[in-house]
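What follows is a single structure, written as structure tokens, with notes after it.
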Amino acid sequence: MRRDIFQAIADPTRRAIIALIALQAMTPNAIANNFDTTRQAVSKHLRILTECELVKQEQKGREIYYSLEIDKMKEIDKWLEQFRKIWETRFDQLDNLLATIKKQKK
């Protein structure tokens, strides 16, 4: 089953995993040590993130390390950018309105 990157980041545990491996590549056991859940549950989250290509696996000796796939994160950022511009415009409008109200009170 092909998953969507937005479906993957909808889960708070997967977002936390992304935040962890954004700093450095980690093994599944090292990732699991940061959560109050089973190693199998963390493996399921990692599988979903891998299917969505948000993380990549690299074999180093007998260990598998997971790291963030930056290009996919850029895809999320690009989608969010359209909303960021709307929010910034609205905040600017709110700042202007508040400044106008403040001037009227003086």
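The residue of the range 66-99 that is nearest to residue 23 (Cα to Cα), among those that are surrounded by 10 or more Cβ atoms within 10 Å (Cβ to Cβ) and polar (S, T, N, Q), is 67. Looking at the range 44-59, can you tell me whether even one residue there is surrounded by fewer than 10 Cβ atoms within 10 Å (Cβ to Cβ) and either on the phi > 0 side of the Ramachandran plot or not in a strand (DSSP E or B) (or both)? Looking for residues that are surrounded by fewer than 10 Cβ atoms within 10 Å (Cβ to Cβ) and either on the phi > 0 side of the Ramachandran plot or not in a strand (DSSP E or B) (or both), one finds none in the range 44-59, hence no. Pairs, please: C-beta under 8 Å, at least 6 apart or cross-chain, first residue over 15 Å from residue 58 (Cβ atoms) and in contact (Cβ under 8 Å) with a residue 24 or more places away in the chain and in the range 17-37, second surrounded by fewer than 16 Cβ atoms within 10 Å (Cβ to Cβ) and among the β-branched types (Val, Ile, Thr)? Cβ pairs passing all conditions: 37/13. Can you find a residue that is modelled with pLDDT under 95, outside any helix (DSSP H, G or I) and surrounded by fewer than 10 Cβ atoms within 10 Å (Cβ to Cβ) anywhere in the range 10-20? For the range 10-20, residues modelled with pLDDT under 95, outside any helix (DSSP H, G or I) and surrounded by fewer than 10 Cβ atoms within 10 Å (Cβ to Cβ): absent. Using the structure shown, decide if residue 3 is assigned to a loop (DSSP other than H, G, I, E, B) and surrounded by 14 or more Cβ atoms within 10 Å (Cβ to Cβ). Taking the combined requirement at face value, the residue satisfies it.
The values are calculated or read from the model by the stated rules, or taken from the named source; none is laboratory data. Because the structure is predicted, anything quoted here is derived from the model rather than measured. So basically every Cβ, Gly included, is an ideal-geometry build from the backbone, and we count neighbours across all protein chains shown.
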